[in-house]
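The values are calculated or read from the model by the stated rules, or taken from the named source; none is laboratory data. These numbers come from a predicted model, not from an experiment. Using ideal geometry, Cβ is built from the backbone for each residue, glycine included, and neighbour counts are taken over all protein chains shown.
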Amino acid sequence: MTQTPEIIAFRPRLSFCFMNTFKFKYHVKLARIVRADDGTCTFGGDSTHAGAHPKGWKQSLHLIATLAASDAAFPLEDYPFTVLPLYYPFASDFPLLQYRVKSNDSIEIVHVSDYQSADSPMIETTYLPFFRGNLVPFGYEEVRAIALSEYFPTWALDHSDQKLIDSSLAFSSVMIGNNLRTFQGDLDHDCRNADCKAHGKQSRLNVFCIVPCSRDLAPDDHWGAYTDDVDLVFGTCRFCDTIVATNVCT
Ligand SMILES: [Zn+2]
């Protein structure tokens, strides 16, 4: 019997292409993680990569997801490994992480904000509920509905577009793409990589993945102090290809 994959709905937002130095497969491509037992991507699980435990911390970074480079909707061009791990520093009160992927099973932390033991979300566990899935590009009608919803209130949309947004495109999903726009708009960052020509300078982050702290992905107790009001944001420095993980309030 064929099992119908569960679609993780997404937050309607769309961005458009800009010139950048990082090599991306697409100018505009949106996809979501769709649950599938034989999926090539994973969400959650335990932290498994060497180098994912910051010095002086009682626990490792949290593994949010691993994206499969073989997936048709994987956003990075010429990525040298088969999986891209997305890590986030939940145990920090001011979470900001920059890291480099060194191999399929190791990362190097370039910068992580200070560890705080009190009032940090998810301080008790490094595990997020695990599932497998595939990156599934949005269809034309879905992308059109997203684009329209960026410029018009929902009530002004055609009924069929409203249905797309209200049902399969509900507000809680992992979003994959290129130059994604966050709820706070475009994000700037100061590159902490001393070897980067943009070190210490502000540049725009190329956001390629947004993960809402949603009950659809993990129960509330796994998100700790975070709620549906927070999106985890993953982007690349345009000059050194390191990964930057941060968050925005929605
Ligand atoms: Zn950089």
Does the range 191-204 contain at least one residue that is of a type in the set (A, V, I, L, M, F, W, C), touching a strand residue (DSSP E or B) at 6+ places or on another chain (Cβ under 6 Å), modelled with pLDDT of 80 or more and buried (at least 17 other Cβ atoms within 10 Å of the Cβ)? no
Options PRO212, PRO219, PRO153; residue that is surrounded by fewer than 16 Cβ atoms within 10 Å (Cβ to Cβ) and closer than 21 Å to ASP46 by Cα: PRO219
Please identify the pairs in which a residue from the range 46-67 that is charged (D, E, K, R) has its Cβ atom under 8 Å from the Cβ atom of a residue that is modelled with pLDDT of 90 or more, counting only partners at least 6 apart or on another chain. ASP46/LEU63
Among the β-branched types (Val, Ile, Thr), at pLDDT below 80, more than 18 Å from PHE234 (Cβ to Cβ) and more than 16 Å from the ligand (Cβ to nearest atom) - does that describe any residue in the range 130-138? no
When ALA225 is run through (1) within 22 Å of LEU135 (Cβ to Cβ); (2) away from the ligand (no atom under 16 Å from the Cβ); (3) part of a loop (DSSP other than H, G, I, E, B), the failure sits at (1)
Anything in the range 88-110 that is under 10 Å from GLY51 (Cβ atoms) and among the polar types (S, T, N, Q)? List them, or say none. SER103, SER106
Subset of the range 61-95, residues closer than 15 Å to SER113 by Cβ and buried (at least 18 other Cβ atoms within 10 Å of the Cβ), comes to LEU61, HIS62, TYR87, TYR88, PRO89, PHE90, ALA91, SER92, PRO95
Quick check: anything in the range 67-78 more than 21 Å from CYS213 (Cα to Cα), of a type in the set (Ser, Thr, Tyr) and more than 16 Å from the ligand (Cβ to nearest atom)? yes
If a residue has to be in contact (Cβ under 8 Å) with a residue 40 or more places away in the chain and touching a strand residue (DSSP E or B) at 6+ places or on another chain (Cβ under 7 Å) to count, how many in the range 208-238 make the cut? 17
Residue count, the range 228-250 (criterion: more than 16 Å from the ligand (Cβ to nearest atom) and either under 16 Å from ALA91 (Cα atoms) or surrounded by 21 or more Cβ atoms within 10 Å (Cβ to Cβ) (or both)): 5
